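Each remark here refers to the structure printed beneath this line.
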Amino acid sequence: MSLMSIVVGALQALKLDDDVNRFVINRAVKVSRNRPHPWSTRHDYISWSGLTDRSYNARLLPAKPYPQIEARGTRRPPISDVAALFKRLPGTAQRLCPKSTGLFPAFAQYLTDGFIRTQLSNDPKLEDRRRTTSNHEIDLSPLYGRTEAQTTALRLLSNDHGLRGRLKSQIINGEEYSPFLCDQGGGIKPEFMVLDEPLGLKNAALDAKIVLFAAGGDRVNAAPQTAMINTLFLREHNRLAGLLEKENANWDDERVFQTARNIVIVMFIKIVVEEYINHINTTEFPLRADPSAAWHADWNRPNWMTVEFSLLYRWHGLVTEQVTWNKQAVPANAMLLNNKPLFIGGLVRSFMDVSANRTAALGLRNSADFMLFAETNAINQARINNVASYNDYRVAVGAAPAASFQDIVGSSDDASEQVRLQALAAELEALYGDVDNVEFYIGLFAEPVQENGPLPELVSDLVAMDAFSQALTNPLLSEHVWGDPENQRLAFTELGIGVIKATTRLRDVLARNGSVPHDGFIGMTRREWSRT
């Protein structure tokens, strides 16, 4: 039994749940050295600009340029050969994740699109995979925008009674959605020119362009699964603005908006911990979003996203080749840049459909064919940024380095699965020769998925480390805002505090903004799943 299990068990026996929560959070965050990091992608060495220019990603470990690898006598495999490790072998079906529904990757994408923002563009000349456009905060920028100018473009900006504090919206089939980004000719409307252009817009068909939403993030429209989550929080913001205005008739548009935004951001962070992280969590202890765990912690530092975090969150392997939506089987790639499915059954039906779908299992030889380009881009990004090796990161989190390729892929009591794993280990050896040459991105997904969880071990450790240290250090959750009763009321109002405390899951928010059937399932963990 691990030390962690012993301590958690002892504290639970004493009914010290707050202490268990703090212990688990602190242990997760302290798995490796925390911020501030000495390095960034600005340079491969320590520099003043590298320590201060937040338009570049930070680094958990220093850069390891290729010559250091080449000096050991092993060539770096071509990207095309490495990316082929993600392709399914002929005649094999995708392995499915026992635990996760389609709501898990949908929420993961929406969450991370707010702060993991490699500088990409519809114009390849403007791409720079060493730089980021992130605010480095969990601030719901996909809903509210990254900049003040973007936020202003998305706001209704009305002091009329009944309209104060609202985000712009429209009604379709009796339901509220964001306004459309483009006019009927497919051009971006002048009022929204300041927004980040949706990725892939240049190649989208006209009928897709004219139903894209005006949103704060350029990836919100990537698929209806992410657009539906943005729609949910748009409705919740406007619902709260209406309630706040009624309770505070003397408040102007600005104060209503800012207070509603405060509430929604903290509500979102609570869901991140209490539904999303608990879905990833492999233990039976349910974690709570208790910001006091961070108030006096030695790891409480300003956020700065790392290049490693950007890479480890590329969960393309969760995407299945096919999804079921409105009782119709649809190729998953037909959902890209396509908001039309949202309007068929409405928001509640969309959430139920996504929750009824399964995900693929993360791992090599299992990606959907249409996502292989994304794996190629991720490998290339890691190389551009001279990211250290897989074993370097195992050591960084206090784990033993893999001594063999079989150590990386694991073993199984099932004979056919063991044959598959041995073949995978042989493929890795043929490509890399020496286990210490295995690249970070490849090693992450060569590992087996953890028992009772949807992620491999190293991915899970690094996600937990950064998730808690970035979510619970949000300024709205500081000791002097959330931790001060008077300031808490000023920032959120009694109404907002009550709504935040009543929210632990996306289903809670959806039930306030739509008619959810009593038996309608909405969740990230499959109904059928049971702990092993």
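The values are calculated or read from the model by the stated rules, or taken from the named source; none is laboratory data. Everything numeric in this text was worked out from a predicted model, so none of it was measured. Cβ coordinates were reconstructed from backbone atoms using ideal geometry, including for glycine residues, and neighbour counts include every protein chain displayed. Please note that ligands, DNA and RNA were not included when accessible areas were found on the heavy atoms of the full protein model with its side chains. Shrake-Rupley method; radii C 1.70, N 1.55, O 1.52, S 1.80 Å.
General remarks:
- Rounded to the nearest 10 degrees, the inclination of helix 457-471 to the longest alpha-carbon principal axis of the chain is 30 degrees.
- Sorting the segments 290-300, 227-237 by their mean number of nearby beta carbons within 10 angstrom, highest to lowest, gives 227-237, 290-300.
- Links that overshoot a 20 Å alpha carbon limit, given the list 270/340; 270/501; 168/270; 168/189; 99/340: 270/340; 168/270; 99/340
- Whole-number accessible area per residue in Å² for the stretch 204-337, which is evaluated in the context of all protein chains at 1.4 Å: 32
- Identified option (computed semi-axes √(5λ) of the Cα gyration tensor in Å; candidates (1) 36, 27, 24; (2) 41, 28, 23; (3) 45, 28, 20): (1)
- The Cα atoms of the stretch 344-403 give a gyration tensor whose axes a ≥ b ≥ c have a/c of 1.5 or more with a/b greater than b/c, which makes the shape prolate.
- A Förster radius of 41 Å, combined with the Cβ-Cβ distance separating residue 96 from residue 148, puts the computed FRET efficiency at roughly 0.40.
- Prolate/oblate/rounded label for the stretch 224-350 (Cα gyration tensor, a/c 1.5): oblate
- Relative to the dominant Cα principal axis of the chain, helix 372-384 is inclined by about 70°.
- Estimated [θ] at 222 nm from DSSP helical runs (n ≥ 4, -39500 (n - 2.57)) normalised by residues in the chain, nearest 500: -12500 deg cm²/dmol
- Surface accessible to a 1.4 Å probe, per residue, for the residues of the stretch 344-421, Å²: 36
- Percent accessible area from carbon and sulfur atoms, the stretch 256-386, protein chains only, probe 1.4 Å: 52
- The long axis of helix 415-432 is offset from the longest Cα principal axis of the chain by roughly 80 degrees.
- Distance from the stretch 511-532 to the stretch 224-254 (C-alpha centre basis), Å: 24
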